[in-house]
Amino acid sequence: MVIGACLIISQPAVGQDVSATRRSDLDIAIPKLEPTLLSIDGFLNENMWNQAAVTSDFTEYIPTDGRPAEDQTRVLVWYGSEALYIGIEADEVHGEVRSTLADRDKLDNDDRVVIVLDTYDDQRSAFAFIVNPIGQQADGMLRDVSSASSFGVSLPFSIDENPDFVFTSQGRLTEKGFVVEIEIPFKSLRFGNAKSQKWGFNVLRKVQHSDYWSSWSGARLGGASFLAQNGSLTGLSELTRGRVLDINPEIRGAMQRGPDPASFERDITDPLGLNARYGLSSNMVINATLNPDFSQIEADVAQINYDPRRSVSFPEKRPFFLDGIEMFSTPTRLIYTRSIANPLAAVKLAGKTGSTTIAALSAIDNSGPSIAEVDASYINAIRLKRDLGGQNSLGVVYTDRMHGDWANRVFALDGNLIANDTYSIRAQTGFSSTTGIDGIAPMWNASANVSTRKWSGGVNTSGYHADFDPAVGFLSRGNQVTIGASAVRTIYGKEGAFLERSSLSVRLTGVWEYQGFFDGDDPEDIRFYPTFNFQMRGGWNLNIFTWIETFGYPGNFFTHYYLKTDTGFEPYKGVPNLFNIGPMISLSTPQFNKFSGSVRYGFGRDPNYDEWADANIRIIEFNGRYTPTDQLRFEFRYDHQQHFRASDKSLVSLSRVPRLKIEYQITPTLFVRFVGQYRASYKDALRDDSRTDLPVYFQTSDGSFVKADSRRSNNMQADFLMSYRPTPGTVVFIGYGTAMSEMDTYRFRDITRRADGFFMKLSYLFRM
């Protein structure tokens, strides 16, 4: 959405507030000053701040846009040769300012400001620097989210907080609210090499007690792009990034033991690792790693898979892969760095030259036990994208993975078009070639969306040949063609109303087996999803999602299933279709002074995938956060899913996963953490519940048949970590982890230790 005319403002006068004259202008020419005797301490009392460009007049953004923000925010901006400086003066007269001594990227419970820097001004992605009222940090990469597919999600953008950047911040509480002072070194950014620069710029503010977001740029809801509504910083010139050379050596050690309580054994045979980052220019960076260690990465949260025909993915958290990860993104996830499980060595180039984004990665993935015993897979991934004006682009991606005589290669083209901040089209097509498969296996992925403030909608389609294999990428489900359509109607409440925003969204999707689609077969799956979302005053949110589905029998899912009859073992055959219907109700609380939480409850008819029969499902998910002090945090999560046979109401499967995380932030850079997780699962003896009621047998790899008897497991995991991290890259980690099991669920007796171990890691960032 275009807001007003574009009027370039000349250099502002000393301390001049440009907001009064620039509501129709979002370009600010900021002064270049020498940071003499500057201290980043949360006090904006140095002379440079008196000469900074000043702007204010924030407007409300979430849940309702366009209204004046309840609490005033002033932004002061200037720059020196080597860094950008931003000051925030935030008034808070309607409620309590909420801030904690949180670890990096753990600011969800706090008031915060988000500095958005689109350093290429290409409206495709942006750096996000996030600071709470006392200066604790979060950061990441910000991207647009399609409003036609968000289904009541309040934010039209997403921030991947896994990347970390070096910057300095400090804040303090005041009688009126809080003040934050931020220094962002140019070494931490990528930007063009033009003599005079223009950067996309915005500042967002989140007020926790009201759950309101406000925006400096006056961004409005309903546009095809949030990033297109940024303001800009103009006149940036003679930026000195200097030589960017980061050397990051690391040393680690670990001791492990199995069920035998004998003494611990040394586990790491190759304790040394090295990471390096070099800036070829202001917009091109090369990264290299040798024998990296990722032991400090927190274990993935257990996920309940609602449809076992689909695979689940996990976010990338490993530092080497995170730098510039946004440049590897494609409409289909053809580059999924977590497919590189244990890199022995890797090198990566990422940046932008002119209108072309370049990202390339080469890695050796070692499935062997050590460097001395390498079982190597060789991986390459190249992503190129060319800007075509506005937010339009064309791109190409190539990947390959080779292991011995086996090889897989993927090639694809993609394009993106946004028109009038209302219409957007995205498309990708390509193929894979894999050893042992004749010919090439095609794929496509395309969507078209229209977005306005009250209405949005779109259509999408994707298709993946049965032999399409992105060995360096990720597909949740292959061998299918999907065609879908969606629509969203949003209603905004009047100012001060209890119901601030509500929406109704619907999605209709058909899914075909790939070849069946071209043969004219009926769809295997038909899905209809009406969803109601209500955002209420004070931060309460209610979401009601309904599933109405017909699923076709996935024969390849049951190829190892057999029934024992009078004539011998016969292949399992399920009923052709299952009909499913039910609601999922979600309620989330505001961020109270010390607590926030959400609960989700689902019930109704759903497939019993283990027997391909009708079942009644019950789903319970609970998330809670409790912060009794500014330094202590408790997070509890519980996932519960069970299926009852529709025929006799007997229990066929049950999964319960409670997870507790406790963190104590001793200082801004030192904290201790405990994570405990209990995964209890039960599966009844399987039978042909939809037809013959005969017991199910599994065929093993040697051709024999084993009865599918009931199974129960109760696995526990506990991890302790002490972390000292003054800056990204400089860390000290000391930890202990253990895995245990027991026979009876939640009895905590006769516990068997399966494995445990200690680890330590030291790493230091040398920034040249």
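The values are calculated or read from the model by the stated rules, or taken from the named source; none is laboratory data. The model shown is predicted, which means the values in this text are computed figures rather than measured ones. Don't worry about glycine lacking a Cβ; one is built from the backbone with ideal geometry, like all the others, and counts go over all protein chains shown.
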Looking only at residues that are within 24 Å of the chain's Cα centre (by Cα) and of a type in the set (Gly, Ala, Ser) in the stretch 719-747, which one is nearest to Glu663 (Cα to Cα)? Ser723
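This table checks each residue for (1) buried (at least 19 other Cβ atoms within 10 Å of the Cβ); (2) modelled with pLDDT of 90 or more; (3) acidic (Asp, Glu); (4) not assigned by TED's automatic domain parsing to the domain that holds Ser447.
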site: Tyr306; (1), (2), (3), (4): no, no, no, yes
site: Arg318; (1), (2), (3), (4): no, no, no, no
site: Glu326; (1), (2), (3), (4): yes, no, yes, no
site: Leu334; (1), (2), (3), (4): yes, yes, no, no
site: Ser339; (1), (2), (3), (4): yes, yes, no, no
site: Asn342; (1), (2), (3), (4): no, no, no, no
site: Val347; (1), (2), (3), (4): no, yes, no, no
site: Ala350; (1), (2), (3), (4): yes, yes, no, no
Does Asp414 fit the bill of being over 25 Å from Tyr492 (Cα atoms), touching a residue at least 60 places away in the same chain (Cβ under 8 Å) and in contact with a Pro (Cβ under 6 Å, 6 or more places away or on another chain)? yes
Check on Ile425, β-branched (Val, Ile, Thr) and not in a strand (DSSP E or B): no
What's the number of the only condition in (1) surrounded by fewer than 17 Cβ atoms within 10 Å (Cβ to Cβ); (2) touching a helix residue (DSSP H, G or I) at 6+ places or on another chain (Cβ under 6 Å) that Arg241 fails to meet? (1)
Among the residues in the stretch 85-98, are any out of contact with any Lys or Arg (no Cβ under 7 Å at 6 or more places or on another chain), closer than 30 Å to Phe634 by Cα and among the basic types (Lys, Arg)? yes
Where residues in the stretch 204-232 are of a type in the set (A, V, I, L, M) and surrounded by 23 or more Cβ atoms within 10 Å (Cβ to Cβ), which of them is nearest to Leu107 (Cα to Cα)? Val207
Looking at the stretch 326-340 only, could you name the residues that are farther than 14 Å from Ser311 by Cα and either of a type in the set (A, V, I, L, M) or in a loop (DSSP other than H, G, I, E, B) (or both)? Met327, Ser329, Thr330, Pro331, Thr332, Leu334, Ile335, Ile340
Output for the stretch 473-532, where each listed residue is exposed (fewer than 15 other Cβ atoms within 10 Å of the Cβ) and either within 21 Å of Ser311 (Cβ to Cβ) or polar (S, T, N, Q) (or both): Ser476, Arg477, Gln515
Out of the strands (runs of 3 or more DSSP E) lying entirely within the stretch 345-419, which hold 3 or more residues that are within 18 Å of Pro292 (Cα to Cα)? 356-366, 376-387
Any idea how many residues of the stretch 591-630 are part of a loop (DSSP other than H, G, I, E, B) and either surrounded by fewer than 17 Cβ atoms within 10 Å (Cβ to Cβ) or at pLDDT 95 or above (or both)? 5
If only one of Ala359, Ala350, Ala372 is touching a residue at least 40 places away in the same chain (Cβ under 8 Å), over 30 Å from Gly602 (Cβ atoms) and touching a strand residue (DSSP E or B) at 6+ places or on another chain (Cβ under 6 Å), which one is it? Ala350
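Residue-by-condition table, conditions (1) touching a Gly at 6+ places or on another chain (Cβ under 6 Å); (2) in contact (Cβ under 8 Å) with a residue 60 or more places away in the chain; (3) not in a loop (DSSP other than H, G, I, E, B):
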position	(1), (2), (3)
Asp689	no, yes, no
Thr692	no, yes, no
Asp709	no, no, no
Ser713	no, no, yes
Met743	no, no, no
Ala755	yes, yes, yes
Does Gly258 satisfy the criteria of being over 25 Å from Thr727 (Cβ atoms) and assigned by TED's automatic domain parsing to the domain that holds His94? no
Exclusive hit being assigned by TED's automatic domain parsing to the domain that holds Glu89 and without any contact (Cβ under 8 Å) to a residue 60 or more places away in the chain, set Ser196, Ser217, Ser125: Ser196
Does Arg625 meet the test of being of a type in the set (Lys, Arg) and within 23 Å of Leu542 (Cα to Cα)? yes
